[in-house]
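The values are calculated or read from the model by the stated rules, or taken from the named source; none is laboratory data. Everything numeric in this text was worked out from a predicted model, so none of it was measured. Cβ placement follows ideal geometry from the backbone for every residue including glycine, while neighbour counts extend to all protein chains displayed. Note: accessible area is taken over every heavy atom of the protein model, side chains too, but ligands, DNA and RNA are not part of it. Shrake-Rupley method; radii C 1.70, N 1.55, O 1.52, S 1.80 Å.
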Amino acid sequence: MSSRDELRTLPLPPLPVPRPRRIDAVRNHEQILAAADRLFAEQDPRTVTMDQIARAAGVGRATLYRRFPDPRSVAAALLEEHERLLQGRLAYGPPPLGPGAPAAERLAAFYAAAVELLERHLPLALGAGAGPARFTTDAYRHWRRHVRALLAEAGVADPDACADIALSPLAPEAYQHQRHTLGLGPERIVHALGALARTVLSGAATHPDRDGLG
């Protein structure tokens, strides 16, 4: 038998088998998020630790830290999808939340949608972006651009300075205080914020003042 014939009779190498580690990684990721979601709902999100998340998820600390550096990042991952849906509604949804309505009505609709998000996911919001870290999140930057554009459209004199002021009622700590300390219902909060939006932006359109302080 020639060497060429010998090569032809050699068995083919086996096909590569998918590495189970990738499947395990997906399962671990889902377990981590599900466990963290329960923990954030059961206790003050600011007190949740990485050890608690690892134990509840049934994964090792090293596995958890390979994916998330701290509890805030876990909460942010959970909240991100909900915020992304709202961002899509702002850009492409029907008015008054989406394009096509006056600025005052769009701001009032944004307040209502943001309150709905907070009502459903307040523990995540507290865990993901409470305190100064809130201002560094992608969602906050997106909300700020949107609100600033509405303020500018309505003729507010200094939309850059007013954008954060207009967003301040939506701070998770402020909403938690209103709902759980003062006992205000979400409908009442939405009504008050809508009235605020219409009063401020309608007043800006009626009495424009563009003499900024620099």
> When the accessible area of segment 106-165 is split by element with a 1.4 Å probe, what percent falls to carbon and sulfur?
Replying inline: 58
> Between GLN87 and ASP51, what is the FRET efficiency for a Förster distance of 30 Å, r being their Cβ-Cβ separation, to the nearest 0.05?
Replying inline: 0.35
> Using a simple spin-label model with points 7 Å from Cα along the Cα→Cβ vector, what separation in nm is obtained for ALA195 and ARG144?
Replying inline: 3.0
>> Charges on Cβ only, +1 for Lys and Arg, -1 for Asp and Glu, centred on the Cα centroid of segment 146-206; of HIS146, THR181, ALA157, which one is farthest towards the dipole's positive end?
In response: THR181
>> With +1 on the Cβ of every Lys and Arg and -1 on the Cβ of every Asp and Glu, and nothing else charged, how large is the dipole of segment 59-152 about its Cα centre, in debye rounded to the nearest 20?
In response: 320
>> With +1 assigned to the C-beta of every Lys and Arg and -1 to the C-beta of every Asp and Glu, and no other charges, what is the dipole magnitude of segment 76-130 about the Cα centre in debye, to the nearest 20?
In response: 100
>> How large is the accessible surface of ASP138 in square angstrom, using a 1.4 angstrom probe and rounding to the nearest 10?
In response: 110
